[in-house]
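Values quoted throughout were computed directly from the atomic coordinates according to the rules given, and no laboratory measurement underlies them. Here the structure is a predicted model, which means the values were calculated and not measured. Because the Cβ atoms are built from the backbone with ideal geometry, glycine has one as well, and the counts that use them run over all protein chains shown.
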Amino acid sequence: MSDKHSTLDNLSHEDRSFAPSAAFAAQAVAHEDLYRRAAEDRLGYWADRAREVLTWDTDFTQTLDWSEAPVAKWFVGGKVNAAYNALDRHVEAGNGDRVAIHFEGEPGDTRSYTYAQLTDEVKRAANAFESLGVSTGDRVAVYLPMIPEAVITMLACARIGAIHSVVFGGFSADALRSRIDDAEAKLVVTADGTWRRGKPSPLKPAVDEAVANCAGSVDNVLVVKRNGEDVAWTDGLDLWWDDVVPAASPEHTAEGHDAEHPLFVLYTSGTTGKPKGIIHTTGGYLVQNAATHRDTFDLHPETDVFWCTADIGWVTGHSYVTYGPLVNGATQVIYEGTPDTPHQGRWWEIVEKYGVSILYTAPTAIRTMMKWGREIPDGYDLSSLRVLGSVGEPINPEAWMWYRDVIGTNAGKNGERKDEPTPIVDTWWQTETGAHMIAPLPGVTATKPGSAQVPVPGITVDVVDENGASVADGEGGYLVIRDPWPAMLRGIWGDMDRYRDTYWSRFEDMYFAGDGAKKDEDGDIWLLGRVDDVMNVSGHRLSTTEIESSLVANSLVAEAAVVGAKDETTGEAVYAFVILQREPEGGEDVVELLRAHVAKEIGAIAKPRGIFVVPELPKTRSGKIMRRLLKDVAEGREVGDSTTLADATVMAQIADSVRR
Ligand code: WT7
């Protein structure tokens, strides 16, 4: 591990600032004026945006009802259909022939859907789901790879008012089972499998195991044929997508749902062992989504080709693959595979092939590409790119500058460079916020490498001290959101107390995001990472407690402590310190056994990079584990102040075991 990444801690002294070019500003869809309008009349601003970006079946009568705070109601009385807004209305407006999705499979197979074709598919899927007994308010679990059927399934649910609960395909059968049970899903949509690094990779076996062990809410499993591998089959439960969806009628009238009708539940890690089912509703979510997708990326739907590399298993894939781009009538690329299959230039090949003009990805990917070397992107024509976005974790200035200099100035495969690099937009938000909250506006904001900078128009963000008082410019503290916002979560599925507790109890009348932040001398915001027990590995959110619970559930383990240690590429990496209950029988490698155990219980993404068997854990006199000290060990640093330890010799014992 290098501590290069820790330059983040020394931020807020960034002198570089890049003003938008006159040419970019002249054609930009967003103007300074948005901030002024929002500042003068925040609710009026959102009411205007709501009517601008969506087509409502019934107009709303009240913009915000905050009388039951912290549960918001936005656009009260309004009725709207998400699928109609993402599909039919573009066809009705004469844009049915515009490509909605260019799909690129990992093996190189491709499919494109126009808006007319995608509308047709979603109508068939909506009819098919209804014929399987799914109706408004029912939950549908989605466990699919990045293929068009994932988007079709989500929109078909939205069309009929069913609530989708997408589970990332990298999660284990156990994780899928607990999410199916928590949401009591009636239907599961999955695939035989996908492709990973040139090989078929199964999905259905995990669904089989999950459904066999779940509480019994599931009536059917609908299976997309993707990699053609043999799968186990249960008659009466399993159905092939190809037998059900193409045969369904392509006629389906979308009805408006209440603005506060739940659109989806998406599980995310918190500070306890149990993932939280974050609830988003229809109207407010879509309004902020479509507005930010347009403004942050300077979207010109007639000409742009948008590509967000996130998987639909995460909120980025919900907001900026399924909803934002389609509600805005854009053309987008969806790619199934990994960036280095069959070679490390695959992404740039895709950008060149489809003429991608807006690329949205994560710092971990940018740092990986940096490591592979600039010769790779330099060998492709990336001249079509005009906006580059970043999301998921703090972007270090080195990666930001590389993104700008190497990707953002590429004007051809023979070394041609652009005079004006493309703007970079770093976007801070969360599963809970539903859409961008802090981000520069290209064409308006002078950008600084490494900072997300300013709240988007209509959003009130602040950095506060322990007591909830705003910090002065130049100071650090906790990131909070002062006023309700349209795309805010409406609660945690089945646990509204946890909702109030987690987000609204730390500071009075403010939403606590869980992130540390600093304001620089100009008042711009720099995100400094989580201040709670949540880790961020390659932009994926993991809970230290969840991994600890999984480890102690193994009979070999007596106690466990998990920390996220800084990592140059992935942002953080998971390290576990365990006290063994007993040695494994038959001389097996305990570290490998436990890593495999976590992968099985949670998913491969949660597998600790390192597991250290130690005789003791550092605890305070009251028995609290001092993870900070373990983090020092994992990061190879001198151990910090350990005077509050109950047993002062523990850290020396741990250091000794780790060395061995
Ligand atoms: C956490 C939310 C937002 C979609 C992907 C992650 C971190 C996210 C940034 C950014 C610094 C960021 C925060 C946040 N994060 N974007 N641009 N700069 N940190 O969604 O899984 O809900 O995770 O990701 O720590 O709290 P998520």
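Can you check what the net charge comes to around residue 117, using other residues whose Cβ is under 10 Å from the Cβ of residue 117 (Lys, Arg +1; Asp, Glu -1)?
Combined, the nearby Lys, Arg, Asp and Glu give -2.
Scale the Cα Rg of the range 252-347 by the rule-of-thumb value 2.2 N^0.38 Å and send over the ratio, two decimals.
Compared with the compact-globule rule of thumb, the range 252-347 sits at 1.27.
Rank the residues 404, 111 as a footprinting-exposure proxy: fewest other Cβ atoms within 10 Å of their Cβ go first.
111, 404
Determine the relative contact order of the range 205-275: mean sequence separation of Cα pairs under 8 Å and six or more apart, normalised by residue count, in whole percent.
Once divided by the residue count of the range 205-275, the mean separation gives 23 percent.
With Cβ to Cβ distances under 10 Å as the rule, what net charge do the other residues near residue 18 carry (K, R +1; D, E -1)?
On the way: positive: 16, 404, 448; negative: 420.
It works out to a net charge of +2.
Please say if the range 540-630 is rounded, prolate or oblate, where rounded means a/c under 1.5 for a ≥ b ≥ c the square roots of the C-alpha gyration tensor eigenvalues, and otherwise the choice is prolate for a/b larger than b/c and oblate otherwise?
It comes out oblate by the Cα gyration axes.
Based only on other Cβ atoms within 10 Å, what is the fewest-to-most ordering of 308, 214, 157?
214, 308, 157
Within straight cross-link reach of residue 600, meaning Cα distance under 16 Å, which aspartates and glutamates are found once same-chain residues fewer than 8 apart are removed?
174, 208, 209, 546, 548, 592
State whether the range 336-379 is rounded, prolate or oblate according to the following rule on the C-alpha gyration tensor (a ≥ b ≥ c being the square roots of its eigenvalues): a/c under 1.5 gives rounded; otherwise a/b larger than b/c gives prolate, and the remaining case gives oblate. Could the numbers behind the result be given before it?
Numbers: a/c = 1.33, a/b = 1.20, b/c = 1.11.
Rounded, because the longest to shortest axis ratio a/c is under 1.5.
Going by C-beta contacts inside 10 Å, put 282, 368, 190 in order with the fewest on the left. Don't jump to the answer; show the numbers that get you there.
Numbers: 282 27, 368 17, 190 30.
Starting with the residue having the fewest Cβ neighbours, the order is 368, 282, 190.
Among rounded, prolate and oblate, which fits the chain when a ≥ b ≥ c are the square roots of the eigenvalues of its C-alpha gyration tensor, a/c under 1.5 means rounded, and a/b larger than b/c means prolate?
Cα axes put the chain in the rounded bin.
Just to confirm a number: summing +1 for Lys and Arg and -1 for Asp and Glu over residues other than residue 27 whose beta-carbon lies under 11 angstrom from that of residue 27, what do you get?
Cβ neighbours under 11 Å give a net charge of 0.
Can you give me the Cα centroid spacing of the range 183-206 and the range 610-660 in angstrom?
Taking the Cα centre of the range 610-660 as reference, the centre of the range 183-206 is 40 Å away.
Starting at the first residue of the range 118-128, write each ³J(HN,Hα) from the Karplus equation 6.51 cos²θ - 1.76 cosθ + 1.60 with θ = phi - 60°, in whole Hz, x for Gly and Pro.
So the J values, rounded to whole Hz, are 5, 4, 4, 4, 5, 5, 4, 4, 4, 5, 5.
I'd like the antiparallel share, as a percent to the nearest 5, of DSSP beta bridges with both residues in the chain.
60 percent
Please state, rounded to one decimal and in Å, the Kirkwood hydrodynamic radius that the range 227-303 gives when every pair of distinct Cα atoms enters the mean of 1/r.
17.5 Å
Taking +1 at the Cβ of each Lys and Arg and -1 at the Cβ of each Asp and Glu, which of 591, 622, 606 sits farthest along the dipole of the range 577-638 towards its positive end, judged by Cα position relative to the Cα centre?
622
Calculate, axis by axis, the spread of Cα positions in the range 204-269 along the three principal axes, and write the results as whole Å, longest axis first.
Cα extents, longest axis first: 41, 37, 23 Å.
Rounded to the nearest 500, what is the chain's calculated 222 nm mean residue ellipticity when only DSSP H runs of at least 4 contribute -39500 (n - 2.57) each, over all residues? List each step's numbers first, then the result.
Numbers: 20 runs with 182 residues, N = 660.
Only helices count here, giving -8000 deg cm²/dmol.
When the Cα centres of the range 352-375 and the range 257-271 are compared, how far apart do they sit, in Å?
The two parts, judged by their Cα centres, are 31 Å apart.
Given H placed on each backbone N at 1.01 Å, which residues far from residue 196 in sequence or on other chains put an amide H within less than 5 Å of it?
Residues meeting the amide H criterion: 201.
If you count the DSSP beta bridges with both ends in the range 13-171, what percent of them are antiparallel, to the nearest 5? List each step's numbers first, then the result.
Working: 9 of 13 bridges.
Around 70 percent antiparallel, to the nearest 5.
Looking at the range 612-653, which trypsin sites (Lys or Arg not before Pro) are DSSP coil and have at most 15 other C-beta atoms within 10 Å of their C-beta?
The qualifying sites are 621, 624, 637.
Taking amide hydrogens as modeled 1.01 Å from N in the peptide plane, which residues meet the under 5 Å criterion relative to residue 163, leaving out close sequence neighbours?
Counting only residues 5 or more places away or on other chains, the set is 137, 138, 139, 140.
List the residues whose amide H sits under 5 Å from the amide H of residue 535, counting only those 5 or more places along or on another chain, with H placed 1.01 Å from N in the peptide plane.
Amide H neighbours of residue 535, under 5 Å, 5+ apart: 542, 543, 544.
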